[in-house]
Ligand SMILES: C[S@@+](CC[C@H](N)C(=O)[O-])C[C@H]1O[C@@H](n2cnc3c(N)ncnc32)[C@H](O)[C@@H]1O
């Protein structure tokens, strides 16, 4: 049995509205994780970071990995962080009006997602980040900007321009300015970070380069979708750019919302997914494997369980019904809304 305190701590983690986030499944995942014996863990596709944070709450030594920079900052700020918070002085530095602030966001994204004063706010905080050396404080500030943008953008995705007013349902999140969201996020994050005496780590890199010497690896790759696509950059390009101030990133200026180039991952394509899972299981075969998967992904769970059996002597498939809330009644959507979630565990 998992203790109430652990779960309470894990569920305080914010949602971030990231596609594929397992936030709603945390009670179920924690139940299964607590039945396994391990001390060190890798969250290999950390995304919003909620599972990495759960692993820390469970008392494990955690490494979180994702190839997106904004995911890295979330886990560096909230899980790897040994209790460093942002104080009044740090906030004064971050928010001070800086005459040397750039105009990259103001110029590139004018009239697309946020109002001019919000764009200036982001340009200005970025200029002030030059004066922040502590890596955890930097990640906290970047994560607070990221959460502010997610809250203010309709549905939290950057495929549509938020300024048309079409999506404005008067919600508080849409009314607050980015600075107000930023300050609320800092307050929330300051209450989430803590030291448990262990050294946790956040890494930004490809899963095939992630450290393999851990007792347990939690795998939550993107799924090959039945229709549409599952590109994270398409939906979250603004957050990814913001987390590095678009340094070294090529903006696709011809696109309406100033997207970034897609980031290739073999897990997203029918042709390459099965081979990628094989490489993944092979790479982490010395660890307990815990794979999150769902009934609307390809390959099917039977194929994945069989593949895992070639590396692990015991493989168990745990099932959970997960209802996504699309808020629509069309037959297709209803079918997609009823998804079975699996946790395939190989020991
Ligand atoms: C389904 S999401 C993970 C969700 C996460 N467990 C959560 O609860 O928020 C998949 C993640 O895998 C990352 N990803 C995809 N391909 C990757 C690769 N080759 N190496 C590292 N990360 C990758 C994506 O950036 C995305 O954040």
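The values are calculated or read from the model by the stated rules, or taken from the named source; none is laboratory data. These numbers come from a predicted model, not from an experiment. No Cβ is skipped: glycine too gets one built from the backbone with ideal geometry, and neighbour counts run over all protein chains shown.
None of 263, 301 is at pLDDT below 95, surrounded by 14 or more Cβ atoms within 10 Å (Cβ to Cβ), within 28 Å of residue 103 (Cβ to Cβ) and within 16 Å of the ligand (Cβ to nearest atom) except 263.
Select from the stretch 102-132 the residues that are within 16 Å of residue 253 (Cβ to Cβ) and without any contact (Cβ under 8 Å) to a residue 12 or more places away in the chain and list them in ascending order.
Quick first cut of the stretch 102-132, residues within 16 Å of residue 253 (Cβ to Cβ) only: 103-113.
Residues satisfying the conditions are 107, 110.
All conditions but one from (1) away from the ligand (no atom under 16 Å from the Cβ); (2) over 25 Å from residue 281 (Cα atoms); (3) touching a residue at least 24 places away in the same chain (Cβ under 8 Å) apply to residue 87; the one that does not is (3).
Please enumerate the residues belonging to the stretch 196-213 that are part of a loop (DSSP other than H, G, I, E, B), touching a strand residue (DSSP E or B) at 6+ places or on another chain (Cβ under 8 Å) and near the ligand (Cβ under 9 Å from one of its atoms). Residues satisfying the conditions are 205, 210. Of the numbered criteria (1) free of Cβ contacts under 8 Å to residues at least 12 places away in the same chain; (2) touching a helix residue (DSSP H, G or I) at 6+ places or on another chain (Cβ under 6 Å); (3) more than 15 Å from the ligand (Cβ to nearest atom), the one residue 258 fails is (1). For first residues located in the stretch 227-247 and at positive phi, partners that are surrounded by fewer than 19 Cβ atoms within 10 Å (Cβ to Cβ) and in a helix (DSSP H, G or I) and lie 6+ apart or on another chain with Cβ distances below 7 Å form the pairs 245/104; 246/104. Of the helices (runs of 4 or more DSSP H) entirely within the stretch 1-80, those holding at least 1 residues that are touching a residue at least 24 places away in the same chain (Cβ under 8 Å), out of contact with any helix residue (DSSP H, G or I) (no Cβ under 8 Å at 6 or more places or on another chain) and crowded, with 21+ Cβ neighbours inside 10 Å occupy 69-75. Every listed requirement among (1) under 30 Å from residue 39 (Cα atoms); (2) modelled with pLDDT of 95 or more is met by residue 177 save one, (1). The residues in the stretch 50-61 that are touching a strand residue (DSSP E or B) at 6+ places or on another chain (Cβ under 6 Å) and either modelled with pLDDT under 95 or within 13 Å of the ligand (Cβ to nearest atom) (or both) can be counted, and the count is 3.
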